[in-house]
Amino acid sequence: MKKAYVHRIWLCCCLIIIIMAMYLNTPAYATDGDSQDIIKVIMDDDYPPYSYKDSNGKLQGILVDQWMLWQKKTGIHVELYGMDWESALRKMKKGEFDVIDTIFYNKERTKYFAFTKQYTKIEVSIFFQNNISGIVDAESLKGFNVGVKAGDNAVDFLVDKGVDTLIEYTNYRDIIEAAKAQKITTFVMDRPSAMFFLYKNDMQDRFKEAPSLYYGELHRAVLKGNHELLNTIDSGFLSISKNEYNAIDKKWLGKTPVSSDVFFKFFMLFSAVAVVLLLLIVWNVLLKRAVKIKTGELSETLEKYKESEKNIYRMSIVDMPTGMYNRNFFESELTRIQNEENRDVGIVVCDIDGLKLINDMLGHSAGDDYLKECAMILRQCFSEEDIIARIGGDEFAVIIQNATKEDIASKIQKIAEKLEKTNQDERVVPMSMSCGYALGQSGQTEIKELFRTADNMMYHEKLHHKQSEKSKNLNILTKMLEERDFITEGHGERMKELCCELAGKIGISEAESKDMRLFAHFHDIGKIGIPDRILFKPDQLTTEEMNVMKGHTEIGYRITVASADLIHISDWILKHHEWWNGNGYPLNLKGEEIPIQCRILSIVDAFDAMTSDRPYRKAFSKEAAMTEIRKNKGIQFDPKLVNEFIEMMAAKL
């Protein structure tokens, strides 16, 4: 009898547990019989972490998980589709789908759609290459080619702001690929997706972020007038608990929210059934063990998040190539100091002289090295308390607080001494900086006006440097030609003499002949930018190598355009490999479209090359060389000039 009584109590307890469990797991929302059984939802398929396709083409992300939970809560079957955003908007307007997700609210779209309640705010930012400065808002984007996603809310926003140089791409991934290939230098993108793609492509060090352009509201939307479906969607998402939303966020964003509802429900369940106290204890032990594991995972995730936050903050204030502060930080410091009272403030502005010439002559890698060396010198000459920033491509600025005129003058003198010592190492291009400074008192002096004074003083110094060092460029270029062995064995002198002789024979003046001598001397200056493995290859060049070699005319053009002493012959240097019949390079000019100086040098250069030894052949005789030139009359060479040249050379033989 006693056993039967105990058995009945056990059955009652089990029944209570089952009933309560069924109650706790009953969905909070159910649709009535009149609701539709299936809805088709379209969203952007390239919008991480909200919605994007994995490597197998499967749609995933925060919104996919939310819709699956909505389906479970409402009992309405959901079909999710992902495609590029412009197509998604177009198909939704045609009524091919019931709902569109990942849509920003704006007035234009209210003509077509009815919107649900906002479910999150998204920061929209401008991103630009770190060698660009001064981009702070939409107005500063004017004149730049700006990458945007077709159909994006940002397109309407920028057009309204007067930005009309937009390049539209199908999706965010294509924008990042274009930025990586340097087809665009600026783009506007929703910040969470931008940070995802920049880090995924290891491009976070190459792009800076301007202050927020604006914040957009993410909604879901249906076709205008479909209020019943709109209410169904809103009601279904309201039935999802905060803990359930947090669990989805934790999965995709790495945050671990704590759900008090779960603990409360289990507490109520097990407190109601005393006979299962032992089960509660066992469950509690297991829960503690799981919490310990999750706590460890959370700590690791938080550490990574903190480190990521530090890196992002550092990217926002530091110029990556030099490790110094960037212009954004510098300007924020100017504003901060302006608001302080009665502190002596000095501003020093420094500019690297001739950095463009260095880039053109030695390549951007060498230019970067010069930039870093200058940054190191500035770091050595100023104290840790001073704020040193790179505020432009070749320009630095320093803020010195509690400064005196003597202290600033001493530091500028120290810069000059460091540069002089650095230049003693037989540098091909000496390092030089122009400096200017201004001194004032915060609270009484307009700090930005102080900066302009220092900047003007620097430019005055820069003009002085240009005047005192005007002749150095030719010496530098000649030295580089000698180091690359271009003007040895009499080649340069022979070229000058023959070119001037032929020029005189056809009536070119003595003054123009001087420019012809300069042209003959520097016509191959662009070869300093050709790799040694190609330039000094003992065998004949492959087609690919020859294409690289042909680039020396354009390199030479960039170098001479950057030099005031050679700019007047830069066009000749660009065109000295054009052919009479139009089959030359780089512009495929034909006949008299080619400058006469280039046509003269073309014949003389070919003659001297054929009558000189090469690593892969012996020199031609002068007679054989002239025969070869005669064969190419009207093909490579100007026919009239060939006749004049042959007549001139015949008189010498």
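The values are calculated or read from the model by the stated rules, or taken from the named source; none is laboratory data. Owing to the predicted nature of the structure, the values given are computational and were not obtained by experimental measurement. When we count neighbours, we look across all protein chains shown, and the Cβ atoms used for this are built from the backbone with ideal geometry, even at glycine. Only protein heavy atoms, including side chains, enter the accessible area calculation; ligands, DNA and RNA are left aside. Shrake-Rupley method; radii C 1.70, N 1.55, O 1.52, S 1.80 Å.
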Note down the magnitude of the dipole of the chain about its Cα centre, charges +1 on Lys and Arg C-beta and -1 on Asp and Glu C-beta and zero elsewhere, to the nearest 20 debye.
2600
Probe 1.4 Å, all protein chains in place: accessible area of F115 in Å², nearest 10?
40
Using θ = phi - 60° and the Karplus form 6.51 cos²θ - 1.76 cosθ + 1.60, what ³J(HN,Hα) does each residue of region 212-222 get, whole Hz, x for Gly and Pro?
3, 6, 5, 10, x, 9, 8, 9, 10, 9, 10
Gained length - Y585 relative to A181, 0.36 nm times residue gap less alpha-carbon distance
142.9 nm
Give me the accessible area of R452, 1.4 Å probe, in Å² rounded to the nearest 10.
120
Any chance you could run the full-extension gain for N130 through A274? It's 0.36 nm times the residue separation minus the Cα-Cα distance, nm to one decimal.
45.2 nm
Count the DSSP beta bridges whose two residues both fall in the chain, then state the antiparallel fraction as a percent rounded to the nearest 5.
75
Go through region 150-158 residue by residue and turn each phi into a ³J(HN,Hα) via Karplus (6.51, -1.76, 1.60, θ = phi - 60°); whole Hz please, and just put x for glycine and proline.
4, x, 6, 4, 4, 4, 4, 4, 5
Starting from the Cα of K40, step 7 Å toward the Cβ, then list every residue of region 99-135 with an amide N under 15 Å from that point.
99-101
What are the ³J(HN,Hα) values, in whole Hz, obtained from phi via the Karplus relation 6.51 cos²θ - 1.76 cosθ + 1.60 with θ = phi - 60°, for each residue of region 499-512 in sequence order, with x given for Gly and Pro?
4, 5, 5, 5, 4, x, 5, 9, x, 6, 5, 5, 4, 5
Accessible area, probe 1.4 Å, largest first, for residues I528, I293
I293, I528
Using a 1.4 Å probe, how large is the accessible area of E644, given in Å² and rounded to the nearest 10?
60
When only Cα pairs under 8 Å and 6 or more residues apart are kept, what is the percent relative contact order across the chain?
9
How much length is gained if the chain between V285 and K58 is pulled fully straight, taking 0.36 nm per residue apart and subtracting their Cα-Cα distance, in nm to one decimal?
77.9 nm
Below 21 Å, Cα to Cα, which lysines can K411 reach? Residues fewer than 8 away in the same chain don't count.
K372, K421, K462
Relative contact order %, region 35-159, counting alpha carbon pairs below 8 Å whose residues are six or more apart:
26
So what is the relative contact order for region 500-653, in percent, with contacts set as C-alpha pairs under 8 Å and at least six apart?
19
If you roll a 1.4 angstrom probe over the protein chains with everything in place, what fraction of the accessible area of the chain belongs to carbon and sulfur, to the nearest %?
53
Using +1 at the C-beta of Lys and Arg and -1 at the C-beta of Asp and Glu, which of L253, M610, T185 has the Cα lying farthest in the positive direction of the dipole of the chain?
L253
Before I look further, what does the chain give for accessible area per residue, probe 1.4 Å, in whole square angstrom?
53
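Could you please put R289, R327 in sequence from largest to smallest accessible area, using a 1.4 Å probe? It would help to have the intermediate numbers written out before the result.
Working: R289 145, R327 60 Å².
Putting R289, R327 in descending order of accessible area: R289, R327.
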What ranking, highest mean first, results for peptides 241-249, 81-89, 271-279, 316-324 when packing means the other Cβ atoms within 10 Å averaged over each residue?
81-89, 316-324, 241-249, 271-279
To the nearest 10 degrees, how steeply does helix 405-423 sit against the main Cα axis of the chain, on a 0 to 90 scale?
60
Proximal lysines relative to K288, as straight alpha-carbon distance under 29 Å, when same-chain residues fewer than 8 apart are discounted
K242, K250, K251, K255, K265, K304, K306
